[in-house]
């Protein structure tokens, strides 16, 4: 049983250093889960690697955001299936996830590689021809996933800007709630229109394949198709974009490791795994609610109580990762990270995200071998991070030159 006299911390917790998870996580990992304030409610905060993995594979913890006690950071319309299978459990989750997973197989990812290569080359051409310094966040990291998703959905190039803006608005809970809601509604209306068009006139894109394969047969409703598209857009854009930018920053701050990558580009794959572990940018969107009483690491979590899974804390657990605060592309245990989640809710788009990040980094440093920070301290301590309590950790900007 956890100590009921323990202080009740506010959550999310502030970072004292932008390159590390909140300081309190290290202390909290030494004991049982603790309760924190989440808005006007309380929830359990789970920080140990083994505890986080246990929750992610335990059916007594639900992903259903319609259940009482579910921790809510970003208010969404109070309707079921609003974020598709991301907020579902059991057979229905498995059924919808299986349909979506067909678009992210190894074969599909390999087929998309030439598309990603071409998009990266186009963006780098624009950067090379443009003024210096350049904000690699706006001109590259945010642009690439938006372009990839647009290709997946068959979205016209001129409409991609709205994808980016609405995604960021929805995922920034410290912003104006009315603006976030308006962006959510506008995005849903657009995706509904796009899904309707694809059902009427199928093309060679993700929405068309899901429509013809599952909606046409009655296995998937039109509303579920829209929800899946919305999930892919929100989850696939913001996470990949911020991971690319933070990975660039990590390598620029580790010149010896970057020099080795230039000599041995085959190491980019493991460098990306280390960057995923090190940053763990999906910092607070893994939440659950207990549907039964559960004993976890000395704490009794009662049915109806919310649970927040601190992925950055788990991926910096010294029980699992040696010297976890150090960024090291040669880390042998980096592949054990749970940045994409674990268990039944493991991110289905992980193979595509990994491929995008590897290609983006390798081609960037190949095209601009002398790339360096512009206008910041050599150690990058003054780079502007997104210090607001955003669901996805990242950078406001990253100016570079060459």
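The values are calculated or read from the model by the stated rules, or taken from the named source; none is laboratory data. Just so you know, these numbers come straight off a predicted model, no measurement behind them. As a convention, Cβ positions derive from the backbone with ideal geometry for all residues, glycine included, and neighbour counts pool all protein chains shown.
A few notes on this one:
- Meets criteria (surrounded by 14 or more Cβ atoms within 10 Å (Cβ to Cβ), modelled with pLDDT under 95 and either out of contact with any strand residue (DSSP E or B) (no Cβ under 9 Å at 6 or more places or on another chain) or closer than 20 Å to residue 257 by Cα (or both)) for residue 401: no
- Test: residue in the range 243-254 that is closer than 30 Å to residue 374 by Cβ and surrounded by fewer than 19 Cβ atoms within 10 Å (Cβ to Cβ): yes
- Unmet requirement for residue 364, which otherwise passes all of (1) within 22 Å of residue 312 (Cα to Cα); (2) crowded, with 19+ Cβ neighbours inside 10 Å: (1)
- Of the strands (runs of 3 or more DSSP E) lying entirely inside the range 277-390, those containing at least 2 residues that are touching a helix residue (DSSP H, G or I) at 6+ places or on another chain (Cβ under 8 Å) and either modelled with pLDDT of 95 or more or under 28 Å from residue 107 (Cα atoms) (or both) span 306-309.
- Positions within the range 261-280 being touching a residue at least 40 places away in the same chain (Cβ under 8 Å) and farther than 16 Å from residue 364 by Cβ, in sequence order: 270, 273, 274, 276, 277, 278, 279, 280
- In the range 126-144, residue farthest from residue 354 (Cα to Cα) [restricted to those that are assigned to a helix (DSSP H, G or I) and out of contact with any helix residue (DSSP H, G or I) (no Cβ under 9 Å at 6 or more places or on another chain)]: 129
- If you go through the range 220-262 and pick out every residue that is modelled with pLDDT of 95 or more and outside any helix (DSSP H, G or I), you end up with 2.
- Flag if residue 267 is surrounded by 23 or more Cβ atoms within 10 Å (Cβ to Cβ) and either within 16 Å of the chain's Cα centre (by Cα) or part of a helix (DSSP H, G or I) (or both): no
- Test: residue in the range 145-154 that is part of a helix (DSSP H, G or I), on the phi < 0 side of the Ramachandran plot and touching a strand residue (DSSP E or B) at 6+ places or on another chain (Cβ under 8 Å): no
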